[in-house]
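A short write-up of the structure that comes next.
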Amino acid sequence: MGAKALPALGKSPFGLPMPRNDTRPSPARLATILSRQDPPAWGSDYLPGQLGTKEEAPDASRPGTFTCAELGRDVHYMGTPERAAQLVGFYSGMAKELHEGRMIPRTPTPGPLTNYKPAIGQPVLGFSGTIEVADRLGCLKWHPTVKVPDKEGSGKQKTVAYPLLGDLLWFFHTGDGIRAVNWTVKDVPEAFDRPFAGQWPQKPVTAEDVDAASARSLIEAEAYQEVDIPTVKVTLEEIPKTLRNNLLALYKPVPHACRLDPGLRKDFIDEVRVRTQQGGRPLDVMLHHLRQYGWTMTDYHMALLRAIWTRELKVDLTRAVCVDAPLQPERKTVIEMFPNWFSPKL
């Protein structure tokens, strides 16, 4: 198969329903991906090429969404590893934009920072496209394809390139400007060397399957490298379980407004900060304020969790966060814990 056998497909005219739990390339899926990602939107308008729903995610995955206050939209994930990685990224404070499930362009296209307003003025390189990258790497035969109608009513079909979707494309705001970093996420390091089992539920994984998965990873990394975006391998195994659980619990109240009076909330958080340095319990501060000023324990608890999430209170999240036990001061930020995730080298 040569590169010319993989023509690009523009906006698809196919009004076909999305196959349920079938992640294989199809005209319907191609049409859906292009409608969402050609071109991708920003902020609250962004829609990933694949949603974290039972209808679109692989059978073996555990997809879902959570309301992201930072972006003003639901963020989609394909499983626990992606959700944990997303929470680490947002908690860092560096992430102001995330494109999960972003389509990697198949043909020459401007780079991802091109239409990102905070990055206006920064030099931006363009993609040559995954077709050209695959050809250059000698992996063209592994580039996914799909057959679509050649012309409406002709009965003939043509083969077109099917897009690759990345996991998490972050747009980190640093002191030197905006930097995009591509995170590819698995549960354990060994998973990067094998195809996703959910795609082959009824037959053993073959050497050809492994080669195809390996080629896909190479194409993705090379496509992003040519636009100066590093690809980082992130695993759930690297994120301490207590940190994962804390981040999930801390984020739940973030999308909801704090009910406490702003002045009262500030006094409460300030006193918790002082008591934390003295080895005191948040619960004692909560009870004191409840007796003194009213409101509810839930209001104070939610205010506490929100303050920890926004790093107004900096505590050690590798240890359990409980209101009836002293909070431990932060020893390392997540950026310091995972420096290569946030400031990787190309």
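Every residue in region 230-260 that is without any contact (Cβ under 8 Å) to a residue 24 or more places away in the chain and more than 16 Å from residue 319 (Cα to Cα), please. Of everything in region 230-260, just one residue is without any contact (Cβ under 8 Å) to a residue 24 or more places away in the chain and more than 16 Å from residue 319 (Cα to Cα), namely 257. Can you say whether residue 85 is surrounded by 20 or more Cβ atoms within 10 Å (Cβ to Cβ), in a loop (DSSP other than H, G, I, E, B) and among the hydrophobic types (A, V, I, L, M, F, W, C), as far as the supplied structure shows? So residue 85 fails the test.
Candidates in region 272-291 are the residues that are part of a loop (DSSP other than H, G, I, E, B) and not small (Gly, Ala, Ser); of these, the one that is least open to solvent (accessible area, probe 1.4 Å) is 281. For residue 344, the conditions (1) open to solvent by less than 60 Å² (accessible area, probe 1.4 Å); (2) within 33 Å of the chain's Cα centre (by Cα); (3) modelled with pLDDT of 95 or more all hold with the exception of (3).
Please verify whether residue 155 is in a loop (DSSP other than H, G, I, E, B) and either touching a Pro at 6+ places or on another chain (Cβ under 7 Å) or surrounded by fewer than 20 Cβ atoms within 10 Å (Cβ to Cβ) (or both), treating the condition exactly as stated. Judged against the criteria, residue 155 is a match.
Within region 106-123, the residues that satisfy the criterion of being surrounded by fewer than 16 Cβ atoms within 10 Å (Cβ to Cβ), of a type outside the set (Val, Ile, Thr) and in a loop (DSSP other than H, G, I, E, B) are 108, 110, 115, 121, 122, 123. Within region 249-256, the presence of a residue that is surrounded by fewer than 16 Cβ atoms within 10 Å (Cβ to Cβ), more than 20 Å from the chain's Cα centre (by Cα) and farther than 26 Å from residue 306 by Cβ is excluded.
Residues in region 124-140 that are within 28 Å of the chain's Cα centre (by Cα) and either in a loop (DSSP other than H, G, I, E, B) or loosely packed, with under 13 Cβ neighbours inside 10 Å (or both): 6 in all. Of the residues making up region 24-61, those that are buried (at least 18 other Cβ atoms within 10 Å of the Cβ) and of a type in the set (S, T, N, Q) are 26, 32, 37, 50, 61. For region 292-327, filtering for residues that are free of Cβ contacts under 8 Å to residues at least 24 places away in the same chain, surrounded by 13 or more Cβ atoms within 10 Å (Cβ to Cβ) and closer than 16 Å to residue 245 by Cα leaves 1.
The values are calculated or read from the model by the stated rules, or taken from the named source; none is laboratory data. Quick caveat: nothing in here was measured; it's all calculated off a predicted structure. Virtual Cβ from ideal backbone geometry, glycine too; neighbours counted across all protein chains shown. What goes into the accessible areas is simple: the full protein's heavy atoms, side chains included, and nothing from ligands, DNA or RNA. Shrake-Rupley method; radii C 1.70, N 1.55, O 1.52, S 1.80 Å.
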